[in-house]
Amino acid sequence: MNTADKKSFISVLFIIAIDNFGFGLVFILFAPLMLNMHYGMLPSISDAGTRNLFLGLLFAVYPLAQFFGAPLFGDFADHFGRKKALYYTLLGSVIGFLLSGFSILATSYTLLLISRLITGFFAGNLSICMASIADLSPTEKLRARNFGIMTVVWGASWPFAMLAGGYLSDPRVNPLFNPALPFWCAAILTALGILVVARLFVETHEKKEKVYFDFMKGLHNVKQALLISKVRPYFVLIFFWTLGWGLGIQWFGSFSILEFKIPQTIISIYLVIQGAFWTLGGSLINPLMLRRFNSRQNVLIGLPLVIVLLIACGFATTYLWFVWIYMFAAAFASFTFANSNNLLSINAPAKIQGSIMGLSQSMMSLAWLVVPLAGGVMGAIDPHLYYFGAGFFMACGLLVLLLTRRAATS
């Protein structure tokens with residue numbers, strides 16, 4: 001990479017880090033906000049089942065809005081450039097985070113729901129950043145390496161989100177702390193991201209003249225993704241990967257509480273460690289494996305390990321066994337995620353990388369929309385099904401890849 005490309009790459013990594021920071025906060029904050037009557041977000045007469053229903057709705061509206069917003073901004077980025085698209089998505093995210101903080105102070109569930117819709121709609125940063133990485137990575141090896149670095153940064157930001165959500169929201173740590181404060185921090189960091197893009201990011205994509213906005217693009221994208229024969233299996237692979245990993249991570253806290261009666265502070269610590277293992281997968285396992293294998297081979301090696309480890313989580317009889325099995329699953333999940341995205345990117349035409357990544361994020365958003373619904377049903381039957389189901393979905397992704405003839409790589 002030349003100097004301009006390196007600066008652009010650094011700015012993209014910064015955006016990915018703050019994007020994941022804001023995304024991760026809800027895994028720590030929303031459960032106590034909804035389930036603890038002390039916060040007053042829901043009427044005190046609400047029973048536990050009703051509170052869980054409202055919690056699931058909060059989790060679901062973000063990917064629902066993202067499902068419609070991400071592909072729009074992906075097309076926008078292809079037509080008007082990555083830089084301008086990042087300005088809009090980051091500004092919208094700032095507004096969403098500010099409204100989230102205000103709604104918590106106002107103890108308004110309705111405003112919080114609206115804020116999650118806004119934040120989700122403008123959460124097209126990831127697809128734009130991934131398209132920018134593809135623009136900056138002309139070869140398969142370089143692209144795989146850069147996607148690996150992306151997963152490292154993504155994982156490295158996770159512990160900060162867990163710590164910020166766990167401690168900055170707790171007035172027992174400091175009287176000035178409250179559950180709104182982590183969202184204020186996310187808003188400030190995202191605003192800083194706008195400045196980073198302005199100063200460092202150099203446009204990576206040739207702009208086009210016309211753009212046609214379709215607010216049903218998310219639905220059309222799912223259909224389109226399944227019709228593009230060359231990349232169809234990789235869209236489906238990413239969909240099943242997201243279902244499997246999303247089920248495991250989103251219901252990690254619930255499983256810890258329901259099965260092992262673990263307090264929230266201990267859960268937060270283990271989620272921080274999980275982020276470290278995720279980073280390990282991208283920073284150590286991925287580059288080592290890329291020296292000997294291509295991305296397809298890496299997924300075929302890593303995904304079976306993730307499947308076995310996730311299913312083993314469901315059989316764990318002690319919390320210590322459960323969390324350490326899960327940590328190793330996180331390392332290999334990170335590794336397979338980077339290589340799965342690289343498979344999609346290298347098999348897509350260069351001129352529509354933004355659209356392809358928008359399609360990918362639509363598939364991921366659809367999966368994240370299914371996760372709270374599937375998890376709610378599984379938890380009502382048996383919480384162990386979280387991890388048996390996660391392994392099953394990952395196995396579906398592996399089966400799709402095994403049935404796919406290897407495409408030519410650049």
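The values are calculated or read from the model by the stated rules, or taken from the named source; none is laboratory data. Everything numeric here is computed off the predicted structure, so don't read it as measured data. We place every Cβ from the backbone using ideal geometry, glycine too, and count neighbours over all the protein chains shown.
Filter the range 303-338 down to residues that are in contact with a Gly (Cβ under 6 Å, 6 or more places away or on another chain) and not β-branched (Val, Ile, Thr), then give me how many there are.
Taking the range 303-338 as the starting set, the residues that turn out to be in contact with a Gly (Cβ under 6 Å, 6 or more places away or on another chain) are 307, 310-311, 331-332, 334-336, 338.
Filter once more, so that each one left must be not β-branched (Val, Ile, Thr): 310, 331-332, 334-335, 338.
Selection size over the range 303-338: 6.
If you take the residues in the range 22-61 that are among the aromatic types (Phe, Trp, Tyr) and free of Cβ contacts under 8 Å to residues at least 60 places away in the same chain, which one is surrounded by the most Cβ atoms within 10 Å (Cβ to Cβ)?
Per the criteria, the residue is Phe30.
Among residues belonging to the range 286-301 that are of a type in the set (S, T, N, Q) and part of a helix (DSSP H, G or I), point out the one that is surrounded by the fewest Cβ atoms within 10 Å (Cβ to Cβ).
The qualifying residue surrounded by the fewest Cβ atoms within 10 Å (Cβ to Cβ) is Gln297.
Quick one: count up the residues across the range 98-124 that are within 17 Å of the chain's Cα centre (by Cα) and either assigned to a helix (DSSP H, G or I) or of a type in the set (S, T, N, Q) (or both).
So in the range 98-124, the residues within 17 Å of the chain's Cα centre (by Cα) come out as 116-124.
This time we only want the ones that are either assigned to a helix (DSSP H, G or I) or of a type in the set (S, T, N, Q) (or both), so: 116-121.
Total satisfying the criteria: 6.
Return the residues of the range 227-254 that are of a type in the set (Phe, Trp, Tyr) and either without any contact (Cβ under 8 Å) to a residue 60 or more places away in the chain or over 19 Å from Gly165 (Cα atoms) (or both); say none if nothing qualifies.
Tyr234, Phe235, Phe239, Phe240, Trp241, Trp245
Say we look at the range 223-249 and pick out the residues that are in a helix (DSSP H, G or I) and surrounded by fewer than 19 Cβ atoms within 10 Å (Cβ to Cβ); which of these is modelled with the lowest pLDDT?
Of all residues in the range 223-249, those in a helix (DSSP H, G or I) come to 223-227, 232-249.
Among the residues that remain, those that are also surrounded by fewer than 19 Cβ atoms within 10 Å (Cβ to Cβ) are: 223-224, 226-227, 232.
Numbers: Lys223: 76, Gln224: 71, Leu226: 74, Leu227: 76, Arg232: 89.
Checked the range 223-249; the qualifying residue modelled with the lowest pLDDT is Gln224.
Among the residues of the range 136-148, which ones are in contact with a helix residue (DSSP H, G or I) (Cβ under 7 Å, 6 or more places away or on another chain), in a helix (DSSP H, G or I) and not aromatic (Phe, Trp, Tyr)?
Selection gives Glu140, Lys141, Arg143, Ala144, Arg145, Asn146, Gly148.
Here are Leu105, Leu142, Leu126: which of them is at pLDDT 90 or above and hydrophobic (A, V, I, L, M, F, W, C)?
Of Leu105, Leu142, Leu126, the one residue that is at pLDDT 90 or above and hydrophobic (A, V, I, L, M, F, W, C) is Leu105.
Output the number of residues of the range 371-383 satisfying the condition of being more than 14 Å from Gln250 (Cα to Cα) and either surrounded by 18 or more Cβ atoms within 10 Å (Cβ to Cβ) or at pLDDT 95 or above (or both).
Number of matching residues: 0.
Among the residues of the range 325-347, is there at least one that is in a helix (DSSP H, G or I), free of Cβ contacts under 8 Å to residues at least 12 places away in the same chain and over 25 Å from Asn146 (Cα atoms)?
no
Select, from Phe332, Phe392, the only residue that is crowded, with 24+ Cβ neighbours inside 10 Å, at pLDDT 85 or above and out of contact with any Cys (no Cβ under 9 Å at 6 or more places or on another chain).
Matching residue, one of Phe332, Phe392: Phe332.
Spot the failing condition for Val323; the list is (1) buried (at least 24 other Cβ atoms within 10 Å of the Cβ); (2) under 22 Å from Trp158 (Cβ atoms); (3) among the aliphatic types (A, V, I, L, M), and only one is missed.
Failing condition for Val323: (1).
Exactly one condition in (1) under 16 Å from Ile104 (Cβ atoms); (2) not in a helix (DSSP H, G or I) is false for Phe30; which is it?
Going through the list (1) under 16 Å from Ile104 (Cβ atoms); (2) not in a helix (DSSP H, G or I), Phe30 breaks only (2).
Looking for whichever is of a type in the set (Phe, Trp, Tyr) and under 17 Å from the mean Cα position of the chain (by Cα) here; the options are Phe30, Phe54. Which one fits?
Being of a type in the set (Phe, Trp, Tyr) and under 17 Å from the mean Cα position of the chain (by Cα) holds for just one of Phe30, Phe54, which is Phe30.
Here is a check on your reading of the model: is Ala131 in contact with a Lys or Arg (Cβ under 7 Å, 6 or more places away or on another chain) and either farther than 30 Å from Leu42 by Cβ or assigned to a helix (DSSP H, G or I) (or both)? Walk me through how you get there before you give the answer.
Working: in contact with a Lys or Arg (Cβ under 7 Å, 6 or more places away or on another chain): yes; either farther than 30 Å from Leu42 by Cβ or assigned to a helix (DSSP H, G or I) (or both): yes.
When the stated conditions are applied, Ala131 passes them.
Could you list, in sequence order, the residues of the range 355-368 that are aliphatic (A, V, I, L, M), under 16 Å from the mean Cα position of the chain (by Cα) and modelled with pLDDT under 90?
Met357, Leu359, Met363, Met364, Leu366
Which condition from (1) in contact with a Gly (Cβ under 7 Å, 6 or more places away or on another chain); (2) surrounded by 24 or more Cβ atoms within 10 Å (Cβ to Cβ); (3) closer than 20 Å to Ile194 by Cα is the one that Phe14 breaks?
Of the numbered conditions (1) in contact with a Gly (Cβ under 7 Å, 6 or more places away or on another chain); (2) surrounded by 24 or more Cβ atoms within 10 Å (Cβ to Cβ); (3) closer than 20 Å to Ile194 by Cα, the odd one out for Phe14 is (2).
Does the range 261-284 contain any residue that is modelled with pLDDT of 95 or more, more than 29 Å from Leu399 (Cβ to Cβ) and not in a helix (DSSP H, G or I)?
There is no residue in the range 261-284 that is modelled with pLDDT of 95 or more, more than 29 Å from Leu399 (Cβ to Cβ) and not in a helix (DSSP H, G or I).
For the range 189-205, which residues satisfy the criterion of being in a loop (DSSP other than H, G, I, E, B) and not β-branched (Val, Ile, Thr)?
Our first condition is that a residue be in a loop (DSSP other than H, G, I, E, B); within the range 189-205, this holds for 201-205.
Across the range 189-205, the qualifying residues are Phe201, Glu203, His205.
Residues being over 16 Å from the mean Cα position of the chain (by Cα) and either crowded, with 24+ Cβ neighbours inside 10 Å or closer than 19 Å to Pro179 by Cα (or both): count how many of those fall in the range 76-89.
So the count comes out to 5.
In the set Ile104, Ile133, Ile149, which member is crowded, with 16+ Cβ neighbours inside 10 Å, under 25 Å from Phe80 (Cα atoms), in contact (Cβ under 8 Å) with a residue 12 or more places away in the chain and not basic (Lys, Arg)?
Being crowded, with 16+ Cβ neighbours inside 10 Å, under 25 Å from Phe80 (Cα atoms), in contact (Cβ under 8 Å) with a residue 12 or more places away in the chain and not basic (Lys, Arg) holds for just one of Ile104, Ile133, Ile149, which is Ile133.
Return a yes/no flag: does the range 75-85 have any residue that is of a type outside the set (Lys, Arg) and within 24 Å of Gln250 (Cβ to Cβ). Walk me through it before giving the result.
Residues of the range 75-85 that are of a type outside the set (Lys, Arg), as a first pass: 75-81, 85.
With within 24 Å of Gln250 (Cβ to Cβ) added as a condition, the list becomes none.
No, the conditions are met nowhere in the range 75-85.
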